[in-house]
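Working notes for the structure below.
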Amino acid sequence: MADRTSSSITVKAGKAEIMAVIADLEAYPKWASGIRGITVEETGEDGRASRAKLSFDGGVFIDTIGLAYTWEGDDHVTWKLDEPGSVVTKLHGSYTLVEGDGSTEVTYELAVDVRIPLIGMVKRKGEKRIIDSALKGLKRHVES
């Protein structure tokens, strides 16, 4: 799972405001297309999720997976698969926020492996679609 796909978007808000939206996992179905639901199972000392169950509809397949989160203040969050689903076998993702003058650059990085054999190009195209959809949804939600 060395190959990762990433993309960035500029959001007109501070990183604390954006990270608060990212940290509100259970609200994802309101702004992140394809997410059917997220249930926080454990939280860390900072009150943010350390483990969660994610259910999604990828169009071609539907799956539920367990994720473990690591938060670095309002600068960075990573998540990795800690409970595979029926389709997803490996997953690693992150958001990195870099605040500028009146806006923040948000970078989303994602790598996913599935049980179904896929050509690398097809896999990256799927990852790119997920990332772009999530970034656009995040921007719309934060800026509205």
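Does the stretch 13-31 include one or more residues that are in a strand (DSSP E or B) and either of a type outside the set (Gly, Ala, Ser) or more than 19 Å from residue 137 (Cβ to Cβ) (or both)?
Residues of the stretch 13-31 in a strand (DSSP E or B): none.
Looking for residues that are in a strand (DSSP E or B) and either of a type outside the set (Gly, Ala, Ser) or more than 19 Å from residue 137 (Cβ to Cβ) (or both), one finds none in the stretch 13-31, hence no.
In the stretch 62-96, how many residues are closer than 14 Å to residue 116 by Cβ, surrounded by fewer than 16 Cβ atoms within 10 Å (Cβ to Cβ) and in contact with a Phe, Trp or Tyr (Cβ under 9 Å, 6 or more places away or on another chain)?
Of the residues in the stretch 62-96, 2 are closer than 14 Å to residue 116 by Cβ, surrounded by fewer than 16 Cβ atoms within 10 Å (Cβ to Cβ) and in contact with a Phe, Trp or Tyr (Cβ under 9 Å, 6 or more places away or on another chain).
Please go through the stretch 16-52 and give me each residue that is under 21 Å from residue 63 (Cβ atoms), under 13 Å from the mean Cα position of the chain (by Cα) and open to solvent by 50 Å² or more (accessible area, probe 1.4 Å), ordered by number.
26, 29, 33
So in the stretch 60-115, with the set limited to residues that are touching a helix residue (DSSP H, G or I) at 6+ places or on another chain (Cβ under 9 Å) and among the small types (Gly, Ala, Ser), which one is farthest from residue 17 (Cα to Cα)?
111
Only residues that are outside any strand (DSSP E or B), of a type outside the set (Val, Ile, Thr) and in contact with an Asp or Glu (Cβ under 8 Å, 6 or more places away or on another chain): list them for the stretch 79-109, please.
Of everything in the stretch 79-109, those that are outside any strand (DSSP E or B), of a type outside the set (Val, Ile, Thr) and in contact with an Asp or Glu (Cβ under 8 Å, 6 or more places away or on another chain) turn out to be 85, 86.
I'd like the full set of residues that are in a loop (DSSP other than H, G, I, E, B), touching a strand residue (DSSP E or B) at 6+ places or on another chain (Cβ under 8 Å) and at pLDDT below 95, limited to the stretch 32-59.
Within the stretch 32-59, 34, 46 meet the criteria.
Looking only at the stretch 110-144, how many residues end up being surrounded by fewer than 16 Cβ atoms within 10 Å (Cβ to Cβ) and either modelled with pLDDT of 90 or more or in a loop (DSSP other than H, G, I, E, B) (or both)?
Residues flagged as surrounded by fewer than 16 Cβ atoms within 10 Å (Cβ to Cβ) and either modelled with pLDDT of 90 or more or in a loop (DSSP other than H, G, I, E, B) (or both) within the stretch 110-144 amount to 9.
Cβ contacts < 6 Å: first residue over 15 Å from residue 110 (Cβ atoms), restricted to the stretch 68-94; second residue of a type in the set (Asp, Glu) and open to solvent by 30 Å² or more (accessible area, probe 1.4 Å), any location; separation 6+ or different chain. Result?
From the stretch 68-94, the pairs are 68/82.
Would you check if residue 73 is over 26 Å from residue 140 (Cβ atoms) and not hydroxyl-bearing (Ser, Thr, Tyr)? So that I can check it myself, show each step before the final result.
Values: over 26 Å from residue 140 (Cβ atoms): no; not hydroxyl-bearing (Ser, Thr, Tyr): yes.
In short, no.
Applying the selection to the stretch 60-78, what residues are assigned to a loop (DSSP other than H, G, I, E, B) and modelled with pLDDT of 95 or more?
Those that are assigned to a loop (DSSP other than H, G, I, E, B) and modelled with pLDDT of 95 or more: 73, 74, 75.
The values are calculated or read from the model by the stated rules, or taken from the named source; none is laboratory data. What you see is a predicted model, and the numbers here were worked out from it, not measured in a lab. Virtual Cβ from ideal backbone geometry, glycine too; neighbours counted across all protein chains shown. Quick note on the areas: whole protein, heavy atoms, side chains included, nothing else; ligands and nucleic acids left out. Shrake-Rupley method; radii C 1.70, N 1.55, O 1.52, S 1.80 Å.
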